[in-house]
Amino acid sequence: MMERKQLKRYLEKHKHKAGERIFLASPHMGGKEIDYVNEAFETNWIAPLGPHVLHFEQELAEMVGIKAAAAASSGTAAIHLALKVLGIQPGDEIFCSTFTFAATVNPIIYEQAIPVFIDSDYQSWNMCPKALQKAFDAAEIKGKLPKAVIVVNLYGQSADYDQLLAICNQYQVPIIEDAAESLGATYKGKATGTIGELGIFSFNGNKIITASNGGMLVSNNIDYIEKSIFLSTQAREDARHYEHKEIGYNYRMSNVSAGIGRGQLHVLKSRVQKKKAIFEKYKKDLSTISALEMMPICEYGESNYWLSPIIIHDTAIDPNTIIDALEAENIESRPLWKPMHLQPVFQQYELFTVHPETSVAEDLFLRGVCLPSDTKMTTQQQNRIIDVIKGVFQ
Ligand SMILES: Cc1ncc(COP(=O)(O)O)c(C=O)c1O
């Protein structure tokens, strides 16, 4: 209900302006998508499954260099399936990045498991290995280790997996990589999403490539992927009639969506290049403002630069001042993710930080803004954005 009201208001507000609005990140078709969609229509593979789904899985798996992939209806569904195939039970603890979108955590709650939040570090903005170690130390003392660690690759940049894996391997706890935002990025030459035991990608409308909606679960463990496909098709047993021995989900990607996704794979590389160019232009042109800094880019990998976040050092300027100034010019920007431990719905869960009284994620949230990173944005439009920001600091 609430969502419909919001959507109506949004459409009303942007009725006359949509054509000229600069978006944070919006769908950007490459041209081939429509051919795949037409093929789906012509062959009447409109109903849930179909050849595009299988091809999309194979093509994506090949592209990132992993053995198997399962296309799902969303990235959130893919995270849920990852927890299911790992056998997460009610009461199990799952360590999870606090600096993320709620979709990383919600599936933990679906399974009545318990999220334990881990803070970020300033180097990558991703899960801090020292905070993770503290959480494991506490878990060991308590005598209850987590069943999995969900590590998020924020805004398209990989977390520092050598350090995180060393800790998790010591306790034999699997990592689920939430690479919803980082398709196309690498860590030490390896594609993000392929480093943990399981990885997930999202293809919702604002991601680096989209399938209009959708997600993908990937793993080198083929059993996990087969099990996830079984669960995502209502856990239907292999019988002529409908036979069910366990609870399943309707989580499979549709053939039409997969057609869009396949088309988008053709342009992934060029989207990463454009996103990088956008980030670097902001970095160069805003370098005259000493109170501003771009999100740090780590040398251990290549980000996909999904969004271009800035951080403000000048406490006199509130991030909302920048967001409001841009909005007045019909330009979309937004705050950084509000950390999960600050969300009313997750308030009762524990947070591990390196310094007892301070959270890095919280500090970044209070000082950051995601600047528009739409790959359809022209240089003139980006110059306009830069002028507005410079105006705020003058
Ligand atoms: C970090 C993160 N995890 C999970 C998701 C969930 O993906 P989806 O919207 O496809 O369910 C998103 C994006 O929405 C995300 O940014």
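Bear in mind these aren't lab numbers, they're just calculated from the coordinates by the rules spelled out. Fair warning: this is a prediction, and the values are worked out from it, not measured in the lab. We place every Cβ from the backbone using ideal geometry, glycine too, and count neighbours over all the protein chains shown.
Structure notes:
- Largest first, the extents of the alpha carbon coordinates of segment 21-80 on the three principal axes equal 39, 32, 22 Å.
- Within the chain, antiparallel bridges make up roughly 60 percent of the DSSP beta bridges whose residues both belong there.
- Cut-off under 5 Å, modelled amide H: who pairs with SER97 long-range: ILE118, ILE150, VAL152
- A crude spin-label estimate for the pair ILE247 and ALA47, with each label 7 Å from Cα along the Cβ direction, gives 2.8 nm.
- Choice from LYS207, LYS245, LYS130 with maximal GNM fluctuation in the chain (Cα, 10 Å cutoff): LYS245
- Choice from SER290, SER73, SER124 with maximal GNM fluctuation in the chain (Cα, 10 Å cutoff): SER290
- Three-way shape label, segment 268-393, alpha-carbon gyration tensor, a/c 1.5: prolate
- Computed packing ranks the peptides 320-331, 172-183, 79-90 as 172-183, 79-90, 320-331, most packed first, by mean other Cβ atoms within 10 Å.
- FRET efficiency, ALA138 to GLU62 (Cβ-Cβ, R0 45 Å, nearest 0.05): 0.65
- Extending 7 Å from Cα along the Cβ direction at ASP223 and again at LYS32 yields two label points whose distance is 3.5 nm.
- Cα lying deepest toward the dipole's positive end in segment 170-257, options HIS241, GLY199, ALA185, charges on Cβ: ALA185
- Lys, Arg +1 and Asp, Glu -1 on Cβ, resulting dipole of segment 333-389 about Cα centre, debye, nearest 20: 320
- Out-of-range pairs (alpha-carbon distance over 19 Å; input LYS283/LYS338; LYS207/LYS269; LYS8/LYS275; LYS67/LYS190): LYS283/LYS338; LYS8/LYS275
- Cα centroid of segment 365-381 to Cα centroid of segment 18-58, whole Å: 25
- Over the chain, DSSP H runs of length four or greater, each weighted -39,500 (n - 2.57), average out per residue to a 222 nm ellipticity of -11500 deg cm²/dmol.
- Highest-first arrangement of 363-375, 346-358, where packing means the average Cβ count within 10 Å: 363-375, 346-358
- Cα shape, segment 1-159, gyration tensor, a/c 1.5 rule: prolate
- For the chain, built as a Gaussian network whose Cα springs stay under 10 Å, the top-fluctuating residue of PHE117, PHE23, PHE41: PHE41
- Each Lys and Arg Cβ is given +1 and each Asp and Glu Cβ -1; about its Cα centre, the chain then shows a dipole of about 900 debye.
- When restricted to Cα atoms, the chain yields an Rg and a Dmax of 21.1, 71 Å, respectively.
- Qualifying GluC sites (Glu not before Pro) in segment 244-313, where qualification requires a DSSP coil assignment and no more than 15 other C-beta atoms within 10 Å, comprise GLU246, GLU299.
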